[in-house]
Amino acid sequence: MNRFLRWKGGMIATATAIALLAMPAVASAQPLDSLIAIALRVHPRVRAAQHAIAVADHRARSASAWDPPSIGMEFRDLVIDNPTPWNNGETMLMAEQMIPLFGQNRAMANAMAAERPVAEASLAGLRRKLRLQVRQEYLAIWLADRKVELNAEEQRLTELVHRTATIGFQAGKTPGSDLLRIESELARLANQATTIAAERAESVGQLNAILALPSGSPIQISPELPPVSAPPFDAARKAIAGHPELRRMEAMAQMSNLQSQAATAMGRPMLMLRGGVGYMPEGHPLREANAGEHGVTGAGEPMNWGLTLGAMVTIPATGWSRDRAEGEALAWQAEAEKNLEEGKGMELEMEGMLRAAYSQLSRAEATIGYLRQTQTPLLERTLQALRNEYSANRAPLPSLLDGMKMLIMARMDLLMAQMEQGMAAAMIEELIAND
């Protein structure tokens, strides 16, 4: 008998200690909104998305600029047997500048600037995903905390049964097998408490990763979930059109159209201007032999300096080069159509997800109402009656334990329904939130 009591007391103490370690202090609970705000402020992917917006602005500025001018020096007509520059040949200092005549750079800058709405929509979508992830881990921690409480309640009920069985055993009315069965149940509850603590630690680690905190940082949440509310389904379905992912696909289609216009612009002529100054010393054999090419002064003396001016225009409409610009433009047009069709497909998928979330929310609300108003009160009265009958030796131990388990299962079902309700509300908000 003493062995039973010592073993039972140690097992209950161990399970209770694990439960207390797993449970947070309500006084310092962290609101869900504050955790979401931390994630949106510190997560590296948010900063990366913000940098992507700056990248789009810088690329647009870069694309609008002309190509840099080219400056170079050239030595011409060097004497083969003594090719020394300056003294025995013509020295040319040249400059070149490519000029886009038909707005090619402006069209490319517009296409690059269109990356900004894409980046902004990506940032908004990332924020929604982070909010959803924080809510999911928050709910997982909440469920683990409630499991700890439920485990402690089941241990308390089992302890009461054990006390009653112990009294009956001492009086010779309760067989030892009943005590052994209760000990087995206590062992199961102690192991369950350890498992719940591990589940909570896993969810805390996941949430800390989202918050960019060390994995062991404590997370304490309120035992009460935030109130759940959702607009009518028809209004929610219309709100899907503002989802960041759909805006991103529309922005990508617009960017592709502008890229197509830029590719078309690149198929227009561009002007290359060239100019330079040349110098040839007197006495150069080729210069003396071709003095007329350099001109003479009014006094008949040859010139030492000369100007060179020229211009060239690209002809992209030639047969062997026309396909480059046209093919690029058509490819971007097809890309725009692809993005629009993908957006339509995503909208249909989101509508299906929204319907599923509303159905899940409705089922959860119905289950919560039934469990709170009907099943749980009935099982509580049933368990009290079984305890009284067991104390009076009018009910066997298995019936009492089954009654306890049914009550605990009903309370677990209530927790799972509340969890399902919170998950459905989180998904609805992710789909229709107003950014």
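The values are calculated or read from the model by the stated rules, or taken from the named source; none is laboratory data. No experiment lies behind these values; they were computed from the predicted model shown. Positions of Cβ are generated from backbone atoms using ideal geometry, with glycine treated the same way; all protein chains shown enter the neighbour counts.
Among the residues of segment 63-82, write down those that are of a type outside the set (A, V, I, L, M, F, W, C), over 28 Å from residue 101 (Cβ atoms) and surrounded by 11 or more Cβ atoms within 10 Å (Cβ to Cβ).
Once the filter is applied, which keeps residues that are of a type outside the set (A, V, I, L, M, F, W, C), over 28 Å from residue 101 (Cβ atoms) and surrounded by 11 or more Cβ atoms within 10 Å (Cβ to Cβ), segment 63-82 yields 76, 77.
Would you point out the residue of segment 353-397, among those that are under 21 Å from residue 183 (Cα atoms) and touching a residue at least 40 places away in the same chain (Cβ under 8 Å), that is surrounded by the fewest Cβ atoms within 10 Å (Cβ to Cβ)?
Here the answer is 393.
So that you can scan it fast, the table gives a plain yes or no per residue for (1) assigned to a helix (DSSP H, G or I); (2) more than 26 Å from residue 148 (Cα to Cα); (3) more than 50 Å from the chain's Cα centre (by Cα); (4) not hydrophobic (A, V, I, L, M, F, W, C):
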| residue | (1), (2), (3), (4) |
| --- | --- |
| 163 | yes, no, yes, yes |
| 174 | no, yes, yes, yes |
| 177 | yes, yes, yes, yes |
| 183 | yes, no, no, yes |
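Could you say whether any residue in segment 112-119 is charged (D, E, K, R) and over 25 Å from residue 282 (Cβ atoms)?
Scanning segment 112-119 turns up at least one residue that is charged (D, E, K, R) and over 25 Å from residue 282 (Cβ atoms).
Within the bounds of segment 324-336, is there any residue that is modelled with pLDDT of 95 or more and closer than 30 Å to residue 234 by Cα?
The answer is yes; a qualifying residue exists.
Residue under question is residue 327, and the condition is that it be in a helix (DSSP H, G or I) and under 14 Å from residue 414 (Cα atoms); does it hold?
The answer is no for residue 327.
Might you check whether a residue that is under 30 Å from residue 304 (Cα atoms), modelled with pLDDT of 85 or more and either out of contact with any Phe, Trp or Tyr (no Cβ under 6 Å at 6 or more places or on another chain) or assigned to a loop (DSSP other than H, G, I, E, B) (or both) occurs anywhere in segment 100-107?
no
Of all residues in segment 272-285 being surrounded by 14 or more Cβ atoms within 10 Å (Cβ to Cβ) and modelled with pLDDT of 85 or more, which is farthest from residue 329 (Cα to Cα)?
276
Yes or no, residue by residue, for (1) out of contact with any strand residue (DSSP E or B) (no Cβ under 7 Å at 6 or more places or on another chain); (2) modelled with pLDDT under 90; (3) of a type in the set (D, E, K, R):
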| residue | (1), (2), (3) |
| --- | --- |
| 156 | yes, no, yes |
| 162 | yes, yes, no |
| 189 | yes, no, no |
| 196 | yes, no, no |
| 206 | yes, no, no |
| 226 | yes, yes, no |
| 236 | yes, no, no |
| 243 | yes, no, no |
| 247 | yes, no, yes |
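Report, ordered by the first and then the second residue, all pairs with beta carbons closer than 8 Å, sequence separation of six or more or different chains, a first member in segment 70-94 that is outside any strand (DSSP E or B), and a second member that is surrounded by 12 or more Cβ atoms within 10 Å (Cβ to Cβ) and of a type in the set (Asp, Glu).
77/90; 89/77
Would you say residue 212 is at positive phi, surrounded by fewer than 20 Cβ atoms within 10 Å (Cβ to Cβ) and part of a loop (DSSP other than H, G, I, E, B)?
Yes: the conditions hold for residue 212.
Residues to consider are 387, 355, 324; find the one that is charged (D, E, K, R), over 29 Å from the mean Cα position of the chain (by Cα) and more than 30 Å from residue 269 (Cα to Cα). Write out each step before concluding.
Working: 355 fails: over 29 Å from the mean Cα position of the chain (by Cα); 324 fails: more than 30 Å from residue 269 (Cα to Cα).
The conditions single out 387.
Do you know which residues across segment 129-152 are crowded, with 20+ Cβ neighbours inside 10 Å and either among the hydroxyl-bearing types (Ser, Thr, Tyr) or under 12 Å from the mean Cα position of the chain (by Cα) (or both)?
Within segment 129-152, 131, 134, 138 meet the criteria.
Look through 56, 95 and report the one residue that is within 30 Å of residue 281 (Cβ to Cβ) and either at pLDDT below 95 or of a type in the set (Val, Ile, Thr) (or both).
Details: 56 fails: within 30 Å of residue 281 (Cβ to Cβ).
Of 56, 95, the one residue that is within 30 Å of residue 281 (Cβ to Cβ) and either at pLDDT below 95 or of a type in the set (Val, Ile, Thr) (or both) is 95.
Looking only at residues in segment 392-421 that are closer than 30 Å to residue 171 by Cβ and either among the acidic types (Asp, Glu) or touching a Gly at 6+ places or on another chain (Cβ under 8 Å) (or both), which one is modelled with the highest pLDDT?
So the residue we want is 402.
Please specify each residue of segment 27-39 satisfying the condition of being surrounded by 14 or more Cβ atoms within 10 Å (Cβ to Cβ) and not β-branched (Val, Ile, Thr).
The answer is 29, 30, 32, 35, 39.
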